[in-house]
1. Given the condition surrounded by fewer than 22 Cβ atoms within 10 Å (Cβ to Cβ) and farther than 22 Å from VAL129 by Cβ, answer yes or no: does some residue in the stretch 240-248 qualify?
2. Could you say which residue among GLU427, GLU470, GLU463 is over 25 Å from SER81 (Cα atoms), out of contact with any strand residue (DSSP E or B) (no Cβ under 6 Å at 6 or more places or on another chain) and either open to solvent by 20 Å² or more (accessible area, probe 1.4 Å) or not aromatic (Phe, Trp, Tyr) (or both)?
3. Which residue pairs have Cβ atoms under 6 Å apart, sit 6 or more places apart or on different chains, and have a first residue in the stretch 467-489 that is closer than 15 Å to VAL390 by Cβ and a second that is open to solvent by 20 Å² or more (accessible area, probe 1.4 Å) and modelled with pLDDT of 95 or more?
4. Those residues that are assigned to a loop (DSSP other than H, G, I, E, B), of a type in the set (D, E, K, R) and surrounded by fewer than 16 Cβ atoms within 10 Å (Cβ to Cβ), I need them from the stretch 126-169; list them, please.
5. Could you tell me how many of the residues in the stretch 191-207 are open to solvent by less than 10 Å² (accessible area, probe 1.4 Å) and under 20 Å from SER81 (Cα atoms)?
6. Just the residues that are at pLDDT 90 or above and open to solvent by 30 Å² or more (accessible area, probe 1.4 Å), please, taken from the stretch 99-120.
7. When the residues of the stretch 517-573 are narrowed to those that are assigned to a loop (DSSP other than H, G, I, E, B) and aliphatic (A, V, I, L, M), which ends up most open to solvent (accessible area, probe 1.4 Å)?
8. Which residues, counting only those in the stretch 718-741, are open to solvent by less than 10 Å² (accessible area, probe 1.4 Å), out of contact with any Pro (no Cβ under 8 Å at 6 or more places or on another chain) and at pLDDT 80 or above?
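The values are calculated or read from the model by the stated rules, or taken from the named source; none is laboratory data. As the structure is a computational prediction, the values presented were derived from the model and not from experiment. Here the Cβ is made from the backbone with ideal geometry for all residues, glycine too, and neighbour counts use every protein chain on show. Surface areas here come from the heavy atoms of the whole protein model, side chains and all, with no ligands, DNA or RNA. Shrake-Rupley method; radii C 1.70, N 1.55, O 1.52, S 1.80 Å.
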Amino acid sequence: MVEMRLENESLNSQQSAKLDDIAKLIHDLSTHIAVTSREPLTKSTSPADIEFLQSRMSQLSVAKADVAKEQTILRSLNFESRPIRYSSIIEAYRRTFSWVFQEPCDQHNESRTGSLHEWLQKGDGFFWVSGKPGSGKSTLMKFVTDHPKTLQALTTWSCPKPAVVARHFFWSAGTPMQKSWQGLLQTLLYEIFRQSPDLIESTCTERWPKTIEQLNHEVWHLPELRRTLQRIADQENLSAKFCFFIDGLDEFEGDHLEFCDVLQSLCKSPNVKLCVSSRPWNVFEDSFGRDVSSKLYMNMLTRTDIQSYVEDMLQEHPRWKQLNVEAANAKWLIDQITERAAGVFLWVFLVTRQLRNGLTEYDSFSDMRRRLESIPTDLEVFFKQILESVEPFYHEKMAATLQIALAAREPAPTLVYAFHDGEYEDEDYALKLPLQPLSPNRAGSMQKQTTRRLNGRCRGLLEVNKHRVEFLHRTVMDYMRTPEMTHYLNKKAPARSNASLSLLRAFTAFIKSTRFSKIVDRTNFAQYTASNIMSTLQEALAHARHLEGNVTAYKLLDELAYCIPRMHETKQACLNVWGNSCNPVSLFFWEPVIDVSLVGYLRYALPRLPNYFPEFKAPAESFMIFSMAISLATSLEPHKQVDLLRRFLTAAYHPNATYFDNIDVPEQAVHLVWKVILRKVMPSDLTLSKPGSLSHKILHAATWKLDWALKSRLFVLMLKHGGDPNAAIYGQPSDSTPIWMNFALLSFCIPLESSYQGLYFQVLDCFIAAGADIRIAISNPSVGGPHSQNMTWLDLFLDHLSQTSASNYDRMHHHVLPGVLERLLTMAKATGVNIDNHWPIVENAFPPQIVSHLRSSLGSETRCLSPYASSQMQKRALADDQGDELSCKRPRSLIIYDIE
């Protein structure tokens with residue numbers, strides 16, 4: 001019970017009512033047992049007492065299991081970077097944004113701006129906060145979500161139900177989770193379930209039936225997240241109403257139009273409304289800006305806020321009073337700054353900082369006037385001016401530091417920048433650094449020193465926030481990425497500067513010098529519980545991907561490969577290999593290397609590691625090939641992983657190796673890696689389809705998978721290295737639905753204009769050459785007649801052919817089906833099957849010229865393959881593959897319809 005309450009507090013979950021119920025059940029049981037224990041020993045326990053105890057114990061068991069499951073699901077939605085962007089946004093300055101909660105008639109607004117407070121109380125659908133870059137949108141969104149009046153206003157809207165607030169802040173300079181659909185949905189669901197845990201059971205329908213052990217290793221995927229959130233929106237009898245605040249739509253990484261459409265569909269629920277903020281891009285103006293009453297423009301409302309801020313910033317400086325500035329002059333200066341700002345708070349912040357620096361240097365009022373007049377009103381020109389003010393002596397380090405900040409996938413720790421400085425003295429510093437954690441005092445001293453150095457080199461355009469270095473504002477980062485600034489930084493940076501290599505060095509040094517006390521569990525192949533050590537390692541490997549072929553990078557990776565297991569041995573890190581006790585700790589390095597496809601490094605490293613492959617015991621071995629093949633089949637750049645997959649297959653990993661699910665133990669959980677992969681890239685079992693029902697529509701959802709599987713040579717590699725073409729990939733292992741038969745039936749589905757028909761025939765010939773057996777009897781209940789439960793594969797194909805020919809004239813005149821049929825009839829004839837009785841179906845299906853060509857081809861003695869000829873064909877077809885071309889050569893004796 002104590003553990004549950006502590007977990008509840010750590011998740012900030014509102015499960016107190018359920019925990020109180022559990023506590024009451026425990027109290028009732030304790031009281032009843034105490035009373036019973038005082039009874040004389042001669043008195044037997046009554047049936048009522050037994051029933052009471054059983055009932056309470058059962059209730060207690062169910063209640064504890066439900067709370068534990070809710071906490072597990074809630075914990076799985078959380079992620080390390082979820083609160084970082086929110087915490088990095090500066091607090092609203094005092095006396096600013098007070099207009100948000102004023103009545104509409106009192107607001108100093110124009111007709112084009114609506115009232116957020118009124119919308120919170122009465123509105124539905126959307127409210128859009130728009131503004132120029134740097135106008136304070138994120139600060140406003142943080143201010144509103146934190147303010148108690150927001151919940152008060154929303155309670156008026158949600159009455160009599162309670163209002164639940166969830167918020168998400170996109171951040172384009174952050175982690176992938178901070179700028180993606182995945183991050184948004186996990187954040188919203190986490191916030192919803194944290195406040196309304198009773199919704200978990202009814203909306204997480206895929207997860208609730210599973211055990212705690214299964215849930216601990218269950219990864220969230222985007223479709224399930226979207227379904228879960230939609231179930232919440234669709235429920236009619238919700239116990240609460242929801243208001244979502246989403247900041248920075250323009251920082252979302254994806255299709256913004258589709259993004260807006262999904263958000264709008266979510267708002268169709270009467271129980272959900274959204275307040276969003278973004279730059280005034282056309283896509284957002286079209287989606288959210290049509291209703292004047294439900295939008296506001298920041299630059300129209302912040303004039304008074306800017307005046308208050310400037311006045312306070314100047315007057316609070318101790319030198320201001322000593323200037324004895326006349327009131328008129330002071331007002332002129334404040335008004336000038338306000339006018340020039342044009343609603344851009346970031347510009348005001350930078351200007352007042354420079355004026356305050358001038359006051360520190362004893363500027364006169366006339367100096368301040370000239371300083372203000374010299375500052376450009378355009379932010380980008382202002383940024384360039386700030387950089388030019390850096391002492392020339394620091395220009396090299398300034399440029400290299402900014403390049404590193406731009407190359408980092410997320411804000412890097414301050415110590416990474418501290419270690420980077422060692423590169424100027426010795427490029428091999430990371431290799432020479434001892435494997436030993438820094439003391440807290442030493443780490444703190446390095447962080448303070450680095451913070452001052454960053455201020456000197458970058459003049460505040462980079463800042464330290466919670467021991468991580470990030471750009472002052474997104475507009476700074478955007479400007480640094482322009483072609484002009486890219487050229488400027490390249491010109492200023494050291495001649496041999498390479499931001500990716502510098503980051504790999506610095507992260508290597510950081511890992512070697514840090515104590516990672518949190519226990520890390522390996523939950524699946526290259527998947528781990530949230531931890532700093534694994535996120536840091538993955539960041540380092542991400543930069544190594546840009547350094548393929550670089551020997552210096554390979555030496556740094558070797559260093560990490562050595563250090564990760566040593567850190568576990570010395571308790572500098574706590575790494576727990578889940579699943580199989582014989583799996584080595586080195587998995588924590590090598591699996592992420594494989595996962596990011598560092599092909600060049602593996603080619604460099606594996607010959608020097610003779611014991612590497614034997615170290616990987618099942619299930620790690622099967623996980624490895626499984627992960628690589630799936631990644632190959634679904635990657636946007638599949639050819640980059642072909643060499644890696646071939647290397648592992650060549651090293652005696654077999655496509656038919658047994659693959660064990662990491663959670664379940666029953667027989668159904670045991671598969672062949674080859675079969676599991678095929679399920680990912682093939683549509684459902686086509687042999688069960690009704691004859692005549694196959695069409696290109698079946699491939700609509702799976703075309704991209706099949707297309708990539710063909711182009712990436714996945715089938716060829718697997719078949720060459722022993723993949724069983726007769727493996728049954730659907731249903732129970734005893735069912736006989738060979739994969740090659742499903743592949744052959746795809747000929748009825750491939751669009752006639754498809755660009756990969758040639759690849760399709762090459763792979764089909766590889767299946768045949770690898771031993772595809774046409775004699776296997778199959779069952780198809782959808783086929784009528786006495787032979788529906790025990791028919792040959794050729795009979796099934798011809799049934800589909802006869803039904804298709806009546807409805808698809810074009811397909812019968814195309815070369816795909818005749819080419820497949822020729823191969824099947826040749827295989828049948830080679831096994832001694834009499835094919836004469838099949839000709840009537842062929843003649844009814846195809847035009848005379850194709851039938852004539854088929855008869856001529858199959859009538860020749862050379863077309864009837866003997867077992868010896870078939871064996872020779874297999875050897876030729878599965879010859880060693882080299883280069884980028886498919887190596888499963890089509891047996892020449894089977895080709896009559898070439899595809900150019």
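1. Among the residues of the stretch 240-248, at least one is surrounded by fewer than 22 Cβ atoms within 10 Å (Cβ to Cβ) and farther than 22 Å from VAL129 by Cβ, which makes the answer yes.
2. The match here is GLU427.
3. Short answer, once both residue conditions are applied: MET480/LEU406; LEU489/GLN403.
4. If the condition is that a residue be assigned to a loop (DSSP other than H, G, I, E, B), of a type in the set (D, E, K, R) and surrounded by fewer than 16 Cβ atoms within 10 Å (Cβ to Cβ), then LYS161 is the only one that fits.
5. The number of residues fulfilling the criteria is 2.
6. Listed by number, the list holds a single entry, GLU118.
7. Taking the stretch 517-573 as the starting set, the residues that turn out to be assigned to a loop (DSSP other than H, G, I, E, B) are 525-526, 529-531, 548-550, 570-572.
Restricting the remaining residues to those that are aliphatic (A, V, I, L, M) gives 526, 530.
Values: ALA526: 13, ALA530: 58 Å².
The residue in question is ALA530.
8. Result: MET741, single match.
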